[in-house]
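Enquirer: Please find one structure pasted underneath; my questions will follow.
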Ligand SMILES: [Zn+2]
């Protein structure tokens, strides 16, 4: 196995453990990475992301064919498959069920940039409204369509999906999105439910925050190092 393949497998397993250790997902959720230059991707078998194992990944293509690996794929692998099909520049996809993001969708509040780490979502986070698991190519296409050219989509009453040029950045974007939504929910509560009282960033402020602290900047350094190190030390469910 080539070193780069080993490294990518390691990153995929680690990214899955990160979304579980940071409470974006518990028993359900998954992170994948495109095998560079192909229409195939690595994704764990059907179990908690907290139990992902780099030696036990499946290789699936954008048409949903399992090309290698043993075991059953996650039932919502279509999210990954069809985003990779629609977005050739995307090499990492995260699907998780974080509570604050789900809360925002169910009170009808769009995501707003309210702190530095939210800057990456300056162009807005669209919503995929349909309830239910994404278990077909058609539904995967629908999610990819809702995502559009963006980096994240909220899935009403369900969770989120993030997409980025690499799996580390996609993972950090997912953590940042939940942090941002959690803050927004707290601010709404503190403001007595009056969304107008929240001093959301202007576009200019959000762009500055994105350029200084966004996943595109921090994935290569301290953010990934931190999340990966914590995930390696925290117990499952910790
Ligand atoms: Zn899901």
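Read-outs throughout are calculated quantities, based only on the coordinates presented, and are distinct from any laboratory measurement. The shown structure was predicted, so the numbers you read here are calculated from the model rather than taken from an experiment. Virtual Cβ from ideal backbone geometry, glycine too; neighbours counted across all protein chains shown.
Enquirer: Under a plain spin-label model, where a point goes 7 Å from the Cα along Cα-to-Cβ, how far apart in nm are residue 51 and residue 186?
Expert: So the label points at residue 51 and residue 186 sit 3.3 nm apart.
Enquirer: Fewest to most neighbouring Cβ within 10 Å: what's the order for 104, 236?
Expert: 236, 104
Enquirer: Order these by the 10 Å Cβ neighbour count, fewest first: 42, 226, 84.
Expert: Neighbour counts put them in this order, fewest first: 226, 42, 84.
Enquirer: Within 10 Å of each residue's Cβ, count the other Cβ atoms and sort 115, 80, 30, 233 from fewest upward.
Expert: Final ranking by Cβ density, sparse to dense: 233, 115, 30, 80.
Enquirer: Let me ask something else about it. Quick check: the angle from helix 167-190's long axis to the longest principal axis of the chain, C-alpha only, nearest 10 degrees?
Expert: 30
Enquirer: Given the DSSP H assignment, sum -39500 (n - 2.57) over each helix run of at least 4 residues in the chain and divide by its residue total; what's the result at 222 nm in deg cm²/dmol, nearest 500?
Expert: Helices in the chain give a 222 nm mean residue ellipticity of -13000 deg cm²/dmol.
Enquirer: Could you give the nm distance between label points at residue 211 and residue 106, where each point is 7 Å from its Cα heading toward the beta carbon?
Expert: 3.9
Enquirer: Right, something else. Given C-alpha coordinates of the chain, what is the ratio Rg to Rh with the Kirkwood estimate of Rh?
Expert: 0.96
Enquirer: Grab the beta carbon distance between residue 72 and residue 200, set R0 = 30 Å, and tell me the FRET efficiency rounded to 0.05.
Expert: With a Förster radius of 30 Å, E is 0.10.
Enquirer: Same structure, new question: Expected output is a single nm value to one decimal: the length gained when fully extending between residue 39 and residue 4, i.e. 0.36 nm times separation in residues minus the C-alpha distance. What is it?
Expert: Stretched out fully, the residue 39 to residue 4 stretch lengthens by 10.9 nm.
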